[in-house]
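The values are calculated or read from the model by the stated rules, or taken from the named source; none is laboratory data. Small disclaimer: the values here were computed from a predicted structure and weren't measured. Heads up, the Cβs are rebuilt from the backbone with ideal geometry, glycines too, and the neighbour counts pull from every protein chain shown.
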Amino acid sequence: MHPNPPLPVRTQRAPLTPAAAATAVSLAAVIAVTLAGVTIPEVLTAAGPVALAVGFLLGLPHGAADHLVPRWAGAAALRRAGMVTVVAGYVTAAGLAWAALSFVGPWALPVMMLVSVVHFGLGDVVTEAQRESAPAPTGWELAAAVFARGGPSMILPLVCWPSTLDPALNAFDPQVTALLSPPVRVVLLCLLGLSCLVTGVRAWRRGRRLVVVELVVLLALFATTPPLAAFGVYFGAWHSLRHLARMVEADPRNTADLRAGRWRAPVRRFVTAAAVPTTGALVATVVLVAVAAQTPLLVPMLSILLALTVPHVVFVAMLDGASGCWAGGTGRPYDLPAQRRPAAADV
């Protein structure tokens, strides 16, 4: 035996990424609420409005740094005047979307619900690309994945909880439930099932077992949990948390810190950037909820969420394009070639 055997070489563990941390927390939260929905549904039904309000408040900051996306996407010369234009356009688009929900007619709500399905689904698809450091799907695989990941939050409550959801939908417009008739809901459910099957088989064959777990968890959440509680935990602890992680990773000033496993400065930068927009959205929420005090809580909450989703979708699409996730990239800014990566000094 060698008198002085060599010491084992320690391999350095890669630092935990915000995307990976957000995935773990969101899964744990949704599984916990799903188990509660199965075992104590009456408690979650009673606590549904509170769960929705908490999820809404936790989710408000996730789009509050959208005004920085044009700079991250390459508009480095954007200064104060340009930022004012960006913010004004954002607020105007949200206001027009809210007016459409309130005054245009019954079609506005289903259209914006479809926009939300696409937005939620794309968010999970990009999160998967970040997590796996692999390109996002394209073509029909992308369409199936988006519908499978975003569809449960909107379609399953319509199918599984009509007695709870339909009164709130009728508060928007009595004709909404006529548009979303039982045959329409069955067709949507079949499309959702097919999309989940295609996406799950594709993920399983490629060794992405976590994607299958996530699909099952989301389907179970919205099929078994009272809808207000289900959407509250989904929006606050799943969709918004994962997007927050992406925004932290997308800020080019955070690249060096995140590579070294340092989170304090990146989180502080995001909180600083998001503080004022979050406060403004919160004030608007309080005003609208106070004005709509006689209607179900879901109505003002859903109105605000859907209205903010319209401009938010545009900025997220801009971020998607800049990150390269639709051009064979992974959606992670620090995976981009140096010549395509925004410089921290430009922000």
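Among the residues in region 40-60, are any in a helix (DSSP H, G or I), within 14 Å of HIS312 (Cα to Cα) and under 15 Å from the mean Cα position of the chain (by Cα)? Yes, region 40-60 has at least one match. Tallying residues that are modelled with pLDDT under 90, of a type outside the set (Asp, Glu) and outside any helix (DSSP H, G or I) within region 221-262 yields 3.
Out of all the residues in region 90-105, which are modelled with pLDDT of 80 or more and touching a helix residue (DSSP H, G or I) at 6+ places or on another chain (Cβ under 7 Å)? The answer is TYR90, ALA93, ALA94, ALA97, TRP98, ALA100. Of the residues making up region 189-229, those that are surrounded by fewer than 20 Cβ atoms within 10 Å (Cβ to Cβ), more than 27 Å from ALA47 (Cβ to Cβ) and without any contact (Cβ under 8 Å) to a residue 24 or more places away in the chain are CYS190, GLY193, LEU197, VAL201, TRP204, ARG205, ARG206, GLY207, ARG209, VAL212. Of the residues screened, ARG185 is one that is more than 19 Å from HIS119 (Cβ to Cβ) and either more than 23 Å from the chain's Cα centre (by Cα) or touching a residue at least 12 places away in the same chain (Cβ under 8 Å) (or both).
Quick grid of which residues meet (1) touching a Ser or Thr at 6+ places or on another chain (Cβ under 6 Å); (2) in contact (Cβ under 8 Å) with a residue 60 or more places away in the chain; (3) surrounded by 16 or more Cβ atoms within 10 Å (Cβ to Cβ); (4) of a type in the set (Val, Ile, Thr):
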site: LEU16; (1), (2), (3), (4): no, yes, no, no
site: ALA21; (1), (2), (3), (4): no, yes, no, no
site: VAL25; (1), (2), (3), (4): no, yes, no, yes
site: VAL30; (1), (2), (3), (4): no, yes, yes, yes
site: GLY37; (1), (2), (3), (4): yes, yes, yes, no
site: PRO41; (1), (2), (3), (4): no, yes, no, no
site: ALA51; (1), (2), (3), (4): no, yes, yes, no
site: VAL54; (1), (2), (3), (4): no, yes, yes, yes
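Taking the criterion of being part of a helix (DSSP H, G or I), modelled with pLDDT of 85 or more and in contact with a helix residue (DSSP H, G or I) (Cβ under 7 Å, 6 or more places away or on another chain), the residues of region 161-181 that qualify are THR164, LEU165, ASP166, VAL176, THR177, LEU179.
Which residues, taken from region 113-160, are modelled with pLDDT under 95 and assigned to a loop (DSSP other than H, G, I, E, B)? Within region 113-160, SER133, ALA134, PRO135, ALA136, PRO137, THR138 meet the criteria. So, ALA256, is that one under 30 Å from ARG269 (Cβ atoms), surrounded by fewer than 19 Cβ atoms within 10 Å (Cβ to Cβ) and not acidic (Asp, Glu) or not? When the stated conditions are applied, ALA256 passes them.
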